[in-house]
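Here's the structure we're looking at; comments come further down.
Just so it is clear, none of the values below were taken in a lab; they were calculated from the coordinates. Fair warning: this is a prediction, and the values are worked out from it, not measured in the lab. Note that each Cβ is placed from the backbone with ideal geometry, even for glycine, and that neighbours are counted across all protein chains shown.
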Amino acid sequence: MFRKLDSETKKRLPPGQHLTERFPVLHYGPVPQLDLENWTFRVWGEVEKPLLLTWDEFNALPRTKLHMDIHCVTTWSKLDTNWEGVSLKTLRELGLVVPKPGARFVIQHAEFGYTANLPLAVMDADNFLLATHYEGQPISLEHGAPLRGICGAIPGRDDLKDVYFWKGAKWLRGLEFSQTDVPGFWERAGYHNEGDVWLEQRYARGF
């Protein structure tokens, strides 16, 4: 049975999406083994100096909490989800990440060589997070533990660009800052390079 949507909920639901109470597990390839003793997080490319953090060092960084709606390209949406982690804005404010003037894009690098690309302006906004927790608990391995990129819609914030869920990489291990855009795994497979949920940018032309 379908849930009847009130007018406010309808406003928060992008075109072509349907609500779910579940949190579907979707990814390509195997789930990696979790080894926090040897886990590292790197930042490199068009930054003033590279950054390398252990899990303990990353976990000690100031935390940010976000309440967001998330939308998957496979047409499910989940409203009012709660996340916690480290924002790129925090890394910049601490001076740990200083992009060079020419930096315009960020490529998320994850396990098994998986990548996801976004403009720096999107990742530097209030609705992007390097997330470690979901609904008050550490993210499960199937959902990307110990770290994943998250971009969603903050209710009431129409000034923020919202992109489909694939634009945040699971099992995140590093960020590469770049002057030029580099399509990620799913973009090379035919998904739209921008992935704006309100414009229904699901697939590239010709797919």
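Once fully extended, how much extra length lies between Phe23 and Glu37, figured as 0.36 nm per residue of separation less the alpha-carbon to alpha-carbon distance?
2.2 nm
Once region 124-197 is represented by equal point scatterers at the alpha-carbon sites, with solvent omitted, what log10 I(q)/I(0) does the Debye formula produce at q = 0.14 Å⁻¹?
Per q value, in the given order, log10 I(q)/I(0) is -0.50.
So, with +1 on the Cβ of K and R and -1 on the Cβ of D and E, and no other charges, what is the size of the charge dipole of region 36-188 about its Cα centre, to the nearest 20 debye?
Result for region 36-188 is approximately 220 debye, rounded to the nearest 20.
Across 5 Å bins from the origin, how do the percents of Cα pairs in region 36-188 run, short distances first?
2, 9, 19, 25, 22, 14, 6, 1, 0
For region 101-150, which GluC sites (Glu not before Pro) are both in a DSSP coil and crowded by at most 12 other Cβ atoms within 10 Å?
Of the GluC sites (Glu not before Pro), the ones in loops of region 101-150 whose Cβ has at most 12 other Cβ atoms within 10 Å are Glu135.
List the trypsin sites (Lys or Arg not before Pro) within region 1-60 that DSSP assigns to loop and that have no more than 15 neighbouring Cβ atoms inside 10 Å.
Passing sites in region 1-60 are Arg3, Lys4, Arg22.
Stokes-Einstein diffusion coefficient for region 62-141 at 25 °C in a medium of 0.890 mPa s, Rh from the Kirkwood formula over Cα pairs: what value in µm²/s?
My calculation gives 174 µm²/s for D.
Quick one: order Cys72, Cys151 by neighbouring beta-carbon count within 10 Å, fewest to most.
Taking fewest neighbouring Cβ atoms as first place, the list is Cys72, Cys151.
List the chymotrypsin sites (Phe, Trp or Tyr not before Pro) in region 13-43 that DSSP assigns to loop (not H, G, I, E or B) and whose Cβ has at most 11 other Cβ atoms within 10 Å. Which are they?
Hits after loop and neighbour filter: Tyr28.
Can you pull the percent of Cα pairs in region 1-101 with separation above 17 Å?
Distances greater than 17 Å cover 68 percent of the Cα pairs.
Work out, step by step, the length gained on full extension between Glu135 and Asn193: first 0.36 nm times the residue separation, then minus their alpha carbon distance; give nm to one decimal.
Full extension of this stretch gives 18.0 nm more.
Can you compute the helix-only [θ] at 222 nm over the chain? Use -39500 (n - 2.57) per DSSP H run of at least 4 residues, normalise by all residues, nearest 500 deg cm²/dmol.
-2500 deg cm²/dmol
Give the lysines whose C-alpha is closer than 24 Å to that of Lys100, dropping any in the same chain fewer than 8 places away, or say none.
Lys49, Lys89, Lys161, Lys167
Using a basic spin-label model with each label point 7 Å from the Cα along Cα→Cβ, how many nm lie between Arg92 and Asp159?
With each label point 7 Å from Cα toward Cβ, the separation is 1.4 nm.
Between Ser7 and Asp56, what is the FRET efficiency for a Förster distance of 41 Å, r being their Cβ-Cβ separation, to the nearest 0.05?
Plugging the Cβ-Cβ distance into 1/(1 + (r/R0)^6) gives 0.30.
Kindly identify region 34-86 as rounded, prolate or oblate by the Cα gyration tensor criterion: order the square roots of the eigenvalues as a ≥ b ≥ c, call it rounded if a/c is under 1.5, otherwise compare a/b with b/c, prolate if a/b is larger, else oblate.
prolate
Do me a favour and compute the ellipsoid semi-axes for region 106-149 from its Cα gyration tensor, root of five times each eigenvalue, largest one first, whole Å.
Largest first, region 106-149 gives 20, 15, 5 Å.
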